[in-house]
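The values are calculated or read from the model by the stated rules, or taken from the named source; none is laboratory data. Keep in mind it's a predicted model, so treat the numbers as computed, not measured. We place every Cβ from the backbone using ideal geometry, glycine too, and count neighbours over all the protein chains shown. Side chains are part of the model used for accessible areas, which takes the heavy atoms of the whole protein and leaves out ligands, DNA and RNA. Shrake-Rupley method; radii C 1.70, N 1.55, O 1.52, S 1.80 Å.
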Amino acid sequence: MPVLFKQGLENTEMEEGKSVSLHCELTKADATVVWKKGEATLQASAKYEMKQKGTVAELVIHNTEPEDA
């Protein structure tokens, strides 16, 4: 059975220089989530923090800039 989004991402406003958290919920626990910006795959770093617990995946973007939109 394919993994689907139960709850997709929502538009979020952020303040430059702050951190923002994006969440999505999947139909299957511990499914692999790949975060992308356009065609580029995001990698865990000081800027991007990826977390996953059960069916909820989270991307935290630290020190946000206008280019993060």
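Scanning segment 4-40 for residues that are touching an Asp or Glu at 6+ places or on another chain (Cβ under 8 Å) and of a type in the set (S, T, N, Q), which turns out nearest to E58 (Cα to Cα)? Here the answer is S21.
For segment 15-32: of the residues being β-branched (V, I, T) and more than 18 Å from A46 (Cα to Cα), which is surrounded by the fewest Cβ atoms within 10 Å (Cβ to Cβ)? It would help to see each step written out before you state the result.
Quick first cut of segment 15-32, residues β-branched (V, I, T) only: 20, 27, 32.
Okay, now just the ones that are also more than 18 Å from A46 (Cα to Cα), so 27, 32.
Details: T27: 12, T32: 8.
Of everything passing the filter in segment 15-32, T32 is surrounded by the fewest Cβ atoms within 10 Å (Cβ to Cβ).
When we screen Q52, Q43 for residues that are under 14 Å from the mean Cα position of the chain (by Cα) and modelled with pLDDT of 95 or more, the only hit is Q43.
Taking A57 as the residue in question, decide whether it is out of contact with any helix residue (DSSP H, G or I) (no Cβ under 9 Å at 6 or more places or on another chain), in a strand (DSSP E or B) and small (G, A, S).
Numbers: out of contact with any helix residue (DSSP H, G or I) (no Cβ under 9 Å at 6 or more places or on another chain): yes; in a strand (DSSP E or B): yes; small (G, A, S): yes.
Considered against the rule, which asks whether it is out of contact with any helix residue (DSSP H, G or I) (no Cβ under 9 Å at 6 or more places or on another chain), in a strand (DSSP E or B) and small (G, A, S), A57 comes out as yes.
Selection of segment 36-46 for residues being open to solvent by 50 Å² or more (accessible area, probe 1.4 Å) and either not in a strand (DSSP E or B) or not small (G, A, S) (or both) yields K36, K37, G38, E39, T41, Q43, A44, S45, A46. Every condition in (1) surrounded by 13 or more Cβ atoms within 10 Å (Cβ to Cβ); (2) outside any loop (DSSP other than H, G, I, E, B); (3) touching a residue at least 24 places away in the same chain (Cβ under 8 Å); (4) not acidic (D, E) holds for M50 except the one numbered (3). The residues of segment 16-35 that are under 15 Å from E67 (Cβ atoms) and not in a loop (DSSP other than H, G, I, E, B) amount to a single one, V20.
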